[in-house]
């Protein structure tokens with residue numbers, strides 16, 4: 001499924017980062033990024049909300065950001081802030097279906113063997 005709402009967001013980069021950094025980034029960052037991703041996939045989410053979502057997700061996948069992701073313990077704090085702000089802005093579109101899709105994906109990554117984290121979506 002191609003995404004055209006925001007040219008700065010690259011879906012493959014999103015899945016590479018989320019799957020590659022799932023354990024390093026932690027549950028909070030990954031859960032929020034998945035909520036946003038799945039909310040953006042919903043036909044019930046309006047274009048303005050998708051723009052907010054894709055902006056936050058684009059920031060998340062950018063290789064250069066305010067705090068480099070490779071710095072232990074603090075590397076994802078700026079990403080978490082951007083994701084949390086987007087979640088707050090579009091919370092009404094993060095419904096039970098979105099939360100369930102994110103929960104299933106997180107269950108795959110956080111409750112299975114470490115090798116499965118890198119299998120993608």
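The values are calculated or read from the model by the stated rules, or taken from the named source; none is laboratory data. The model shown is predicted, which means the values in this text are computed figures rather than measured ones. Please note: Cβ atoms are built from the backbone with ideal geometry, for glycine as well, and neighbour counts cover all protein chains shown.
A Cβ distance below 8 Å, combined with a sequence gap of six or more or placement on separate chains, defines the contacts here; from the range 73-92, residues that are under 15 Å from residue 33 (Cβ atoms) reach residues that are outside any helix (DSSP H, G or I) and modelled with pLDDT of 85 or more in the pairs 87/94; 90/45. Would the range 22-36 turn up any residue that is surrounded by 14 or more Cβ atoms within 10 Å (Cβ to Cβ), at pLDDT 95 or above and under 18 Å from residue 90 (Cβ atoms)? Taking every residue of the range 22-36 in turn, at least one turns out to be surrounded by 14 or more Cβ atoms within 10 Å (Cβ to Cβ), at pLDDT 95 or above and under 18 Å from residue 90 (Cβ atoms).
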